[in-house]
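Have a look at the structure below before the remarks.
The values are calculated or read from the model by the stated rules, or taken from the named source; none is laboratory data. Since the structure is predicted, the reported quantities are computational estimates derived from the model, not experimental observations. Heads up, the Cβs are rebuilt from the backbone with ideal geometry, glycines too, and the neighbour counts pull from every protein chain shown. When the accessible area is computed, the model is the full protein with side chains, heavy atoms only, and any ligands, DNA or RNA have been set aside. Shrake-Rupley method; radii C 1.70, N 1.55, O 1.52, S 1.80 Å.
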Amino acid sequence: MPRPTETAAPAAVDLDLYRALKLPRTVEDKMLRLIRQSRISKWFSGYGQEAIAVGCAYALEDRDWLLPMHRNLGVWTTRGVPLRPLFCQMMGREGGFTKGRDRTFHFGLPERRIVGMISHLAAMLPVADGLGLASTLRGEDAVALAFTGEGATREGDFHEALNLAAVWKLPVVFVVENNGYGLSTPTADALPVDDIADAAAGYGMPGVVVDGNDVDAVMAAVRDAADRARAGDGPTLLEMKTFRVRGHEEASGTKYVPDALIAEWEARDPIAGYRQRLLDAGVAEATLDAIDAELADEIEAVAEWALTQPEVTSTGAVEHADLFAPATFVAPPDSPVEAGVRFIDAVTAGLRDAFVGDESVLLMGQDVAEYGGVFKVTDGFVDQFGADRVRNTPIIESGALGCALGLALDGFRPVVEMQYADFITCGFNQIANNLATTHYRWGAPVPVTIRAPFGGGIGAGPFHSQSPEAWFCHIAGLKVVVPATPADAKGLTLAAIEDDNPVLVFEHKALYRSLRGPVPSGVHRVEIGKASVVRAGTDLTVVTWGVGLQWALALADDETLEGASVEVIDLRTLVPWDRETVLASVEKTGRLLVLHEAARTGGFGAEVAAEVAEAAFGALDAPPIRVGGADLPIAFSKAIEAEVYSARARLAEAARRTLAY
């Protein structure tokens, strides 16, 4: 493995580089003074680590992507981000980039080719894969460089991102900023190796240890890695050795760090070192002093100006309006209806229409290409649309979802197939904390569709039968749809892919080949957020989704209800759900039963029942009833599932009870 030399060869005199190094340090000095004056409350310091952020940004081209972390202020300043809004962002004042919705560097500036972090460490590394893949698919030579700390290299996203980048030979540079501590834990207590760069060998890529306090060494390593990436030779892992001479955040302090260790690294200060190189090369000290004074005056003025700006305020209407990217529904033209279409073929048709209509649509997942997916939904797609657009991934749910976010941020419409919805837990962080929050935080559209085969009824046991839709309905910024008919399977699939927001589509496995129905033969869309009154009635409203629709329709024909008229509503969309249609039905019938396959406790039916009880209490002639699965894992035994777990076994009795109330 390449190792750094003791002293890197000095670069040519570069006063612009000195200015670039000094600018974030000058900002730091001001922010630290403000902390001590109690004029700001929090600061994550990159003091002494500027050579990494500045060197990486300085070495790359403007077309290249950078994905920085908390201590990489130098990325933003080197890319020329305007200082006034940057200070407002850091101070939570009007005029920042996130409208007060997040702090410091939790945002992106696509026009500067910067995508900021979330607090869940290593989560942005798969996003860099997506940005690199976007460049490759377009035949461009842009590189994505992503930062992470040494502690986050223990996270799964680190390994999933490296693996995917290596397998697909993506133009990505992974930079590990090894600064000695993860909050208060010394690196030696968290890692069993001296050099994290050794991990690169396990993924077939170069790993290089770099003196992170030597800006020339940083730039040389980054340029070599970028040249390799542009040549199509794939990713590189760079481990930048540095030290965190201040606390994890300023309030943490550094009592846990030996004074001698701080002194040792302060003597290797990157800015002092580069300044000395310039002096040794003949630059007059007065020239450097003048740059220092100019920057100090500029930052003092900008910071004090930012502190005079009002703190961010808003209204509920504004905040809710910005949760989702605008979505325009285009009603499809009328087309002949084909009878007897299988549910699975309708899903395939919706996907195919999306692929044909928009070349930015692509599919990723396990075994989705030549094999056609475990349920054969995408059988033949790789032959029709090519291997670039139909891509097998390794078993990396989180990595694939993060990659999809990167693709979406650069103009693609990725679809990710979870082989089974049960496996979606492995990618939960990317869905809940990255995909779902991005538009609200900084306004980027996130057109990512996640397909998740779910549900029981096929004797598949606890790990292939779950109905986890309720987990995701609590996550602001994520849309959740559940088609229950072949026509809706086709129409909601296309609508989800065309939506500029992350949409999770639950497809019921038991319906794939057992349910047939009429489906428009042409391009077909179903509006997200609109329920369907599948059967009209006057005595009882049954609200359901997924396989529950078949159970509800059977209930409506149940002779034991003694002629009661049952209105059946298929929600189709759980987030956002159609309150108006449900409330109008309850106003008419006076009774509500909510039915779902998922376990009853904490199921989405509780949300529907509570909303009806609150908004239409006066119209109710009986308490709302919820019928769900038992609070048990789903047994492999079909008999146990049907007789003990399944909501269907309790449905008719619950309906009779509410009708008799």
Go through the residues of segment 182-196 one by one and say whether even a single one is hydroxyl-bearing (Ser, Thr, Tyr) and within 27 Å of the chain's Cα centre (by Cα). no
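Give Ala639, Ala652, Ala606, Ala660 a once-over and let me know the one that is surrounded by fewer than 18 Cβ atoms within 10 Å (Cβ to Cβ), touching an Asp or Glu at 6+ places or on another chain (Cβ under 6 Å) and either modelled with pLDDT of 95 or more or not basic (Lys, Arg) (or both). Let's see the steps before the verdict.
Numbers: Ala639 fails: touching an Asp or Glu at 6+ places or on another chain (Cβ under 6 Å); Ala606 fails: touching an Asp or Glu at 6+ places or on another chain (Cβ under 6 Å); Ala660 fails: touching an Asp or Glu at 6+ places or on another chain (Cβ under 6 Å).
From the options Ala639, Ala652, Ala606, Ala660, the qualifying one is Ala652.
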Identity of the residue in segment 361-400, among the basic types (Lys, Arg) and not in a strand (DSSP E or B), that ends up surrounded by the fewest Cβ atoms within 10 Å (Cβ to Cβ): Lys376
Looking only at segment 258-280, decide whether some residue is assigned to a loop (DSSP other than H, G, I, E, B), on the phi < 0 side of the Ramachandran plot, in contact with a Pro (Cβ under 6 Å, 6 or more places away or on another chain) and not basic (Lys, Arg). no
Farther than 18 Å from Leu401 by Cα and either buried (at least 20 other Cβ atoms within 10 Å of the Cβ) or modelled with pLDDT under 95 (or both), is that true of Ala122? no
Identify all residues within segment 419-440 that are open to solvent by 20 Å² or more (accessible area, probe 1.4 Å) and either polar (S, T, N, Q) or part of a helix (DSSP H, G or I) (or both); write none if there are none. Gln419, Phe423, Thr425, Cys426, Phe428, Asn429, Asn433, Thr437, His439, Tyr440
Regarding segment 322-345, can at least one residue be identified that is more than 27 Å from Thr493 (Cβ to Cβ), of a type in the set (S, T, N, Q) and touching a strand residue (DSSP E or B) at 6+ places or on another chain (Cβ under 9 Å)? no
In segment 518-533, what residues are in a strand (DSSP E or B) and open to solvent by 10 Å² or more (accessible area, probe 1.4 Å)? Pro518, Pro520, Ser532, Val533
Failed criterion for Glu587 (all others in (1) open to solvent by 20 Å² or more (accessible area, probe 1.4 Å); (2) part of a loop (DSSP other than H, G, I, E, B); (3) in contact (Cβ under 8 Å) with a residue 12 or more places away in the chain; (4) not aromatic (Phe, Trp, Tyr) hold): (2)
Would you check which residues across segment 229-253 are small (Gly, Ala, Ser) and open to solvent by 10 Å² or more (accessible area, probe 1.4 Å) and list them? Ala231, Gly232, Ala251, Ser252, Gly253
Taking the residues in segment 609-636 that are assigned to a helix (DSSP H, G or I) and open to solvent by less than 70 Å² (accessible area, probe 1.4 Å) as candidates, determine which candidate is nearest to Glu562 (Cα to Cα). Ala619
Which residues, counting only those in segment 78-94, are in contact (Cβ under 8 Å) with a residue 12 or more places away in the chain and either farther than 22 Å from Gly55 by Cα or not in a loop (DSSP other than H, G, I, E, B) (or both)? Thr78, Leu83, Arg84, Pro85, Phe87, Cys88, Gln89, Met90, Met91, Gly92, Arg93, Glu94
Among the candidates Ala536, Ala510, Ala495, residue that is of a type in the set (A, V, I, L, M), open to solvent by less than 20 Å² (accessible area, probe 1.4 Å) and either closer than 19 Å to Phe454 by Cβ or at pLDDT 95 or above (or both): Ala495
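Here's the yes/no breakdown for (1) assigned to a loop (DSSP other than H, G, I, E, B); (2) surrounded by fewer than 24 Cβ atoms within 10 Å (Cβ to Cβ); (3) not polar (S, T, N, Q):
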residue: Glu140; (1), (2), (3): yes, yes, yes
residue: Leu145; (1), (2), (3): no, no, yes
residue: Ala161; (1), (2), (3): no, no, yes
residue: Leu170; (1), (2), (3): yes, no, yes
residue: Pro192; (1), (2), (3): yes, yes, yes
residue: Ala200; (1), (2), (3): no, yes, yes
